[in-house]
Amino acid sequence: MKKEIAFIFDLDGVIVDTAKYHFLAWKNLADSLGFVFTEEHNELLKGVSRVRSLEILLEIGKVTLSEEEKLKLLISKNLEYLEFVNKMTADEILPSITNLLDYLDANNIKYALGSASKNAPLILEKVGLLNRFTAIVDGNDVSKAKPDPEVFLIGAKKLNMKPENCVVVEDAIAGVEAANAAKMISIGIGDAELLGKATYVLKDTAGFTMDFLKNVMK
Ligand code: BG6
Ligand code: MG
């Protein structure tokens, strides 16, 4: 393990499984507009910004709304989502993530957060991880959404690392594409067919074994 590297973690779907809460809030919104929003539809919103998520959802329901109405829905959806977030605890950290962070700390390997979520700091605080990251880049810091590499390039800068020495951990196709566009090493978490463009793919976060890490860092 000689190469100096740093990690940049996506949040939703990598550190915590918040997709289920986004789903419940988006589904209620679709119900109120009179159309069905399924878990398959929800897959399309992973890694996608809040505003773009609403646009996709409205396209699914073939609903056209004014900017003012959209803004109201974005606010009410987020308030409902935050009701779930506010109940989150460290129990919701995904398998192996705490061990992985402990390992990185013990080996002086820096890590940052690179998330599309504007709620990222609150979620990290709820699960007790807010103070562990050297840098946090979230939806409030970027002007271009994934698959644009901006979020990860800002993360690398904040870590004072070259992009090619950064390892991104991502569960979304757009996130893997963003990491690749930033010329970073990418670890996709999820379906190997969907995340085939990643440098490595793990079925889930439990796959972060010592052997796997040693292989990534060699
Ligand atoms: C991403 C999620 O991390 O954050 C998306 O994968 C979500 O599903 C996006 O839409 C924005 O999140 P938030 O918390 O700002 O609404
Ligand atoms: Mg994600």
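Worth a mention:
- Per-residue packing, averaged as other Cβ atoms within 10 Å, sorts the ranges 170-179, 82-91 into the order 170-179, 82-91, beginning with the highest.
- Over 29 Å between alpha carbons, listed pairs 27/118; 77/158; 20/157; 126/197: 77/158; 20/157; 126/197
- Solvent-accessible area per residue for the chain (1.4 angstrom probe, square angstrom): 49 Å²
- FRET efficiency, 1/(1 + (r/R0)^6) with R0 30 Å, evaluated for residue 130 and residue 193 via beta carbons: 0.30
- Note on segment 19-85: with neighbouring protein chains present and a 1.4 Å probe, carbon and sulfur make up 58 percent of its accessible heavy-atom surface.
- DSSP beta bridges in the chain [antiparallel fraction, %, rounded to 5]: 5 percent
- Amide H within-cut-off set for residue 8, under 5 Å, with H built and near neighbours excluded: 112, 167, 168, 169
- Rounded to the nearest 500, the helix-only mean residue ellipticity at 222 nm of the chain stands at -13000 deg cm²/dmol, with each DSSP H run of n ≥ 4 adding -39,500 (n - 2.57).
- Under 5 Å between amide hydrogens, built in the peptide plane, is the criterion, and for residue 16 it picks out 94 among residues at least 5 positions away or on other chains.
- Simple Cβ-charge dipole of segment 19-85, Lys/Arg +1 and Asp/Glu -1, about Cα centre, in debye nearest 20: 120 debye
- Between residue 214 and residue 83, full extension at 0.36 nm per residue minus the direct alpha carbon distance yields a gain of 43.2 nm.
- Linear extension gain, residue 17 paired with residue 122, 0.36 nm per residue minus alpha-carbon span: 36.4 nm
- A crude spin-label estimate for the pair residue 183 and residue 39, with each label 7 Å from Cα along the Cβ direction, gives 4.1 nm.
- One chain, two ends: residue 62 and residue 108. Fully extended at 0.36 nm per residue, the span grows by 11.5 nm beyond their Cα-Cα distance.
The values are calculated or read from the model by the stated rules, or taken from the named source; none is laboratory data. Here the structure is a predicted model, which means the values were calculated and not measured. Note that we place each Cβ from the backbone using ideal geometry, even for glycine, and neighbour counts take in every protein chain shown. Just so you know, the surface numbers come from the protein's heavy atoms only, side chains and all, with ligands and any DNA or RNA stripped out. Shrake-Rupley method; radii C 1.70, N 1.55, O 1.52, S 1.80 Å.
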